[in-house]
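Notes follow once the structure below has been shown.
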Amino acid sequence: MQVHRALLLAFFALVFTSTVAALDRPDVTFKIFQFPADKIPRIDGNADDWAMVPEDYVIGMDQFVDDTGKHPKPDPKNLDVRIRVGWVKGLNRLYFLYEAYDDYWDFARPDLHNDTFEIVVDGDASGGPLIDKGHREFWTPEQVGTVAAMPDDRISVDEAHWAIHGVHAQNYHIFTPAEGKDWCMAWTSATWIKELPWANAACAYNFKPGESGKLVLEFWITPFDYAGPEGPQRAVESVLHENKILGLSFAVIDYDDVGKRGTNGFWNLSRHHTMYGNASELCAFKLMPIEPQFRKPIEAQWTWQVVDMDRRLVAFKDLSVGKITSWKWDFGDGETSTEQNPIHQYKQPGNLVVVLEIEGPDGKSRRSKVWDVQLK
Ligand SMILES: [Ca+2]
Ligand SMILES: [Ca+2]
Ligand SMILES: [Ca+2]
């Protein structure tokens with residue numbers, strides 16, 4: 001009996017592990033740079049505010065494959081891109097800097113035929129299909145099997161569109177550049193996600209359709225765990241926090257002739273062309289902590305939660321950074337503690353000034369909060 005149970009557990013562990021290891025390129029985790037809160041990029045098409053991002057955050061052409069097979073190797077004379085991704089702790093936004101050289105910028109038409117930077121983001125790495133139909137007519141049965149949103153024929157493409165298209169992971173076709181059109185096609189039933197306060201973009205370039213040149217695109221988006229067609233009132237933003245892994249991938253859709261049918265290349269970070277419709281084929285991106293050169297060596301920070309208001313019981317949590325050897329809490333009622341994460345019971349109601357002082361080899365730091373802790 002015991003043996004059976006152990007085998008069963010091992011079996012489920014195996015199944016579970018293979019199910020959650022859902023992202024593409026398991027050997028690579030790309031990094032998302034954390035901007036300090038006083039250095040948030042300004043969306044103006046000027047890349048100066050990205051100069052602080054270290055070079056090992058840059059994603060270049062060497063990371064892409066042309067999954068249409070037209071270009072076996074990247075050729076910087078045809079297309080050359082550099083991408084940086086950033087975030088700011090406390091904001092559920094992903095910032096992007098896209099710098100690209102193209103030998104033929106194709107952007108005269110008002111439709112989808114436009115040089116495009118396509119991104120797909122899955123803020124909670126839930127994986128799975130995110131588009132309503134698998135363009136089944138173009139696909140092999142194998143691809144349909146992995147990506148089709150509704151293998152069940154009882155659910156129509158129309159129903160699937162309103163229920164799932166872009167709802168739990170989002171696809172943006174960003175026009176590079178967008179002239180006389182919106183900055184992107186948000187390929188979702190929730191098209192409102194491309195507007196402020198959920199997204200913003202700016203582009204700088206100095207070429208005409210058909211010319212070569214360099215383009216700078218700066219933008220941010222808000223990833224959603226749920227973004228429905230009914231509008232933002234029922235939407236759930238993906239909460240971004242340090243060390244979280246997101247599903248994210250890019251593709252560069254390179255058109256090189258306004259009159260030509262089809263593309264000159266489809267450069268993809270994922271090894272799966274169909275990543276545009278399947279969040280399980282995205283790559284892993286990690287929301288990095290702030291780089292040491294941009295933070296103070298020691299800084300006190302904390303939060304608290306009322307565990308039980310009737311007993312005026314409060315749990316304090318240390319969020320300080322740096323090497324810390326001692327903590328001193330002043331609860332504002334004459335009581336103190338040297339624990340890192342104390343729980344304190346207050347005897348009286350009141351609005352309190354609570355102070356945490358920390359010390360370590362690199363110095364000391366204090367953080368008080370005036371009248372945040374309120375008890376009745
Ligand atoms: Ca800028
Ligand atoms: Ca998701
Ligand atoms: Ca082009």
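A short reminder: the numbers here are calculations on the coordinates, not readings from a lab. Just so it is clear, the model here is predicted, and its values are computed rather than measured. Quick reminder, even Gly has a Cβ in these numbers, built from the backbone with ideal geometry, and neighbours come from all protein chains shown.
So here's what we get for this one:
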{"read-out": "Relative contact order of segment 259-376, pairs being alpha-carbon contacts under 8 Å that are 6 or more residues apart, as %", "value": "22"}
{"read-out": "Rel. contact order, % - alpha carbon contacts under 8 angstrom, at least six apart, the chain", "value": "19"}
{"read-out": "Residue order, fewest to most surrounding Cβ atoms within 10 angstrom, among GLU339, GLU281", "value": "GLU339, GLU281"}
{"read-out": "Only Lys, Arg (+1) and Asp, Glu (-1) charged, at Cβ; the chain dipole about Cα centre in debye", "value": "1140"}
{"read-out": "Helical contribution to [θ] at 222 nm, DSSP H n ≥ 4, -39,500 (n - 2.57), averaged over the chain, rounded to 500", "value": "-3000 deg cm²/dmol"}
{"read-out": "Exceeding the 25 Å Cα-Cα cut-off - candidates LYS296/LYS376; LYS296/LYS369; LYS208/LYS260; LYS214/LYS260; LYS89/LYS214", "value": "LYS296/LYS376; LYS89/LYS214"}
{"read-out": "At R0 = 30 Å, FRET efficiency that the Cβ-Cβ distance of ARG42 and VAL370 yields, to 0.05", "value": "0.45"}
{"read-out": "Segment 326-357 versus segment 16-81: alpha-carbon centroid distance in Å", "value": "45"}
{"read-out": "Two-site label geometry, GLU211 and ARG82: point separation in nm, points 7 Å out along Cα→Cβ", "value": "2.2"}
